[in-house]
Amino acid sequence: MSRNAEEKKSRLYGYAGKILRINLTESTTEVIDSRKYLPEWIGGRALAHRIFWDEVGPGVGAFDPENKLIFTDGPAGGTGIPTGGRAVMCGIGANNLPEQYTSSSIGGWVGTVMKYCGYDAIIIQGRAPKHTYLLIEDEKVSFLDADGIWGMLISEAQEAIFLAHGRDTFSMVIGPAGENLVRDATITTSNDHTLSKAGFGAVFGSKNLKGIAFHGTGSITPYDINKVLELRLKIGDYHHVPNPVTHQTALKSIAYNIPAPDGWDFGKLACSPGCNSRCQRLMMNMKDAFTGEKIAQIEKCVSPMAFTMERDCFMPVGTWVQSPRNPRSMGAQRSWGIPYDENDPDYPVISEMWGGDTTNYWKGDFDKGSMMDQLCKEYGIDKWDFIVWNMTWISMCKKEGLLDDLDFGMEPDPESAEFVRYFIQLIVYRKGPLVTLADGSRRPIGDVFAEHMARAIRLLGKEKYGDSIYHGRYSHILKKNIEIPVSLEAGWGQCTHWHGRGFQGCQKWFWTSNAILHMLNTRDAMSSGHTHLTTDELRTIQKEGICHSPTQIMAIRRTETVAILTDSVPNCEWQSNEMFYPEQNAEQFYAATGEDLTPEQLLMRADRARLVFRAILMRNHGRCRDMEVEDAYPFLTYPDPAGDTVDWEEWNDLVDMYYQSAGYDLATGWPFRSTWEKADLGYMADEMERLGMLPPEGGTPGYVRKECPFEGHVRKKEPAVTGNAG
Amino acid sequence: MKPGNHIIQAPMEYSLCTGCVSCEMLCGLLHDGCIGPQHNRIFLQPGRIKQMVHKILSCQQCDDHPCYEACPRKDQAMCLDLKTNIAYINESECIGCGKCQKACHFTPSRINLVKSRNKDERKAKKCDLCRDKPDGPQCVKWCPAMCLALSEGPIPWDETKEEQA
Ligand code: SF4
């Protein structure tokens, strides 16, 4: 069912065809023809990078009306291609430190329904003069009074929108946390998917925007229907089995077994339209934290940690390393119940469980865990940060006796359901007893934590509240206690995620690679791109030497670019990380659009978007080598579960290798003209030259590596951060 | 009224609907070559917020065929398949007046309608059990959770007046 050349020219297959600009200040809209950017800029994250580069210059903060949020889906959305229904939002984030341009991806129905409304992307700009929500019904955009739903919890607001506009209207809304500009506030869809990681919920709040409801009646036409069907069998075919709901009496994994007093029912859901996987854990017959009624909750990767965190999260090595006979991520396979090939000669390598330090953050408590997850969802606050950062911090600080000078208004206790509820409410409503900050000023304690952990720690005094050592971490590899700081901060003001220490133990090749990816980004880079290898590549890295391995650099660069494709086609990392099916993105892109690119050609387009991202960071945020190297380094100086760290020289050697491979100057981290031109971005090289950010080909003359500015993990002289400063 | 031959959803103890809407999407794709909320003949009714148990609604192929009876172009647009006794739409003759949609016993109606400014594009969409496909209903075939099936069991008449959940 592919089309002839004329048909192919006449329309944009896979795309909706328009981009909608929404000016909240003026209550006006503008429609842009998608052909201005598509299919050249793929869609999703790649498209958003390009639009942001064109439209938002330096000096714009997260909460400024000039900040633009770009919500976009890719060509696979709404085509029936599995994993194609995910979407992405980009803009200046509220929860990274300093505030920088960033992105967040999401499942749910809204991305696809936006396409049914006729739009590949919407650009949200300005600030509404009063509390507003948007109703987008195909061409008609209504700016509606949100006073009636302002203050509502997430599900209350969604229900009100359903009642007002019908159940075929799909929304994404913020909760009270976003309204109060809590920096890790989320935006949540009516089927419980969230834009979590960038703090875009607070940006919505700053724009007086409670939510967006979509009611679309249009349609999407993929280019090659037979190819769509083929992909449906190829991607996730192992899911073509029944999905029975089972009764459970406990919540169990390798690391925990928490009794559920009243039992619960376990089902699995798909995250986005057309996907044939079922990665979402639906916990049914749970107790509503507000009413006590029976409800169902969707719980994803980090949620089980709310129920207990006695040991940190650990998975088999095969979660990131695939062999020809076990070509899929083992972490995903395990949760999907797909058997491993145990006769694989590489099985001992990939099945090794690694890490899993005992941390004793909190004991198992089914009802408290369920409550913690639900409160985060309903108030609209990032679960990952609250569970893995706020609550572990409370636990570690309490055990180290650091909380005595902080008045919470009640005894801080991570084991107490009452305290957990109270603490979330303090943050969401920015209230609580006044505490004295490092600069001598006083603020309500909830107001301090609403600035997000990285800022809160600096406001309170980083030396004591960030860098103090927790002595309760026990390594099962070393059979002894090892150090970890009380605040699990990994760089750019973000919480640790596959950094090998504090929350997830993992091998050194993995966490050093992830640290480079994190360094190059502006936020937690792991949610759409952990580093993946084949078993052969792993052996080569071990031979070449971690941090000095060209194969490791190749894997980092591959992950970085594929992650952009994952958020652009779009795709899903769990489903698309198969090292032995590298054509997947190109096949999806072809089926949707008819653009018959080789995997290498499509990767080049994604790589060009990667460079546009770098250009935004340089032009808008002054990004350079020193910022990157120094931001990511301190957390890596604490031991991983095997006692490994990197030292300054080793870390810089790895950075050098990456920069050289990417065509960046070693002194500045800025691309050479030849690098821009190779990606057809000569005009960006001109712009960089105008900005004084174009290094001479061959590198800055006389460059000498900087002396280590840290003593251990502490910067020799820490610049002060005050108030709400970004 | 006799039992029909219609699509049913399995109980969740056998298989829970994952909410992937593949059934809706593949229905539009394989009948009309495109996907959108006016092109499916099977419908996922989203579960209530905080419940997430989705319900699949489809034509029950009632044997009194109110849709067929209501069609002003009966036997040209809405036709009867004498072999299976189900009503199906011959789209080239359908004028998209929507009378069949209104006549459906069920609420919400199990007949969809493409509404368009262009009169020629207005068409009703009704499940015909993929009568032209040798491997039968495509929603059943492509549902990854295998939670759809063909049934000759009784039509669930208690659902006829069902309000949107
Ligand atoms: S295809 Fe199956 S699992 Fe997916 S929505 Fe339809 S009935 Fe549910």
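Points to keep in mind about this one:
- Reference-scaled alpha-carbon Rg (2.2 N^0.38 Å with N residues) for chain A: 0.90
- Per residue of peptide A:72-85, the mean number of Cβ atoms on other chains within 10 Å of the residue Cβ is 2.
- Measuring nothing but protein heavy atoms, the accessible surface of segment B:6-119 at 1.4 Å probe radius is 52 percent carbon and sulfur.
- Drop in accessible area of at least 10 Å² in the complex versus isolated chain, residues of segment A:263-282, 1.4 Å probe: A:L269, A:A270, A:P273, A:G274, A:C275, A:N276, A:R278, A:L282
- Per-residue mean of foreign Cβ neighbours for A:213-219 is 4 (Cβ atoms of other chains, 10 Å radius).
- In terms of the mean number of neighbouring beta-carbon atoms within 10 Å, the peptides A:127-139, A:430-442, A:312-324 order highest first as A:312-324, A:127-139, A:430-442.
- A straight line joining the Cα centroids of segment A:621-652 and segment A:1-29 runs 44 Å.
- Averaging the Cα positions of each part gives two centres, and for segment A:682-703 and segment B:13-84 these lie 59 Å apart.
- Accessible area that becomes buried as A packs against B, both chains, 1.4 Å probe, Å², nearest 100: 3600 Å²
- Only helical runs count toward this figure. For the protein assembly as shown, summing -39,500 (n - 2.57) over DSSP H runs of n ≥ 4 and dividing by all residues gives -8500 deg cm²/dmol at 222 nm.
- The three principal axes of the Cα atoms in segment A:13-215 give end-to-end lengths of 41, 41, 31 Å, sorted in falling order.
- Listed peptides A:294-307, B:122-135 by packing density, highest first (mean Cβ within 10 Å): A:294-307, B:122-135
- Per atom type, chain A shows carbon and sulfur on 51% of its accessible surface, probed at 1.4 Å.
- A loss of 40 Å² or more of accessible area (1.4 Å probe, protein heavy atoms, ligands and nucleic acids excluded) relative to the isolated chain is seen in these residues of segment A:285-309: A:A296.
- For peptide A:190-199, the mean count of partner chain Cβ atoms within 10 Å of a residue's Cβ comes to 1.
- Residue-normalised accessible area of the protein assembly as shown, given per residue in Å² at a 1.4 Å probe: 35 Å²
- Sparse-neighbour loop sites [chymotrypsin sites (Phe, Trp or Tyr not before Pro); segment B:1-68; at most 16 other C-beta within 10 Å; DSSP]: B:Y14
The values are calculated or read from the model by the stated rules, or taken from the named source; none is laboratory data. Everything numeric in this text was worked out from a predicted model, so none of it was measured. Reconstructed Cβ throughout: ideal geometry from the backbone, glycine too, with neighbour counts over all protein chains shown. These accessible areas exclude ligands, DNA and RNA; they are computed on the full protein's heavy atoms, side chains included. Shrake-Rupley method; radii C 1.70, N 1.55, O 1.52, S 1.80 Å.
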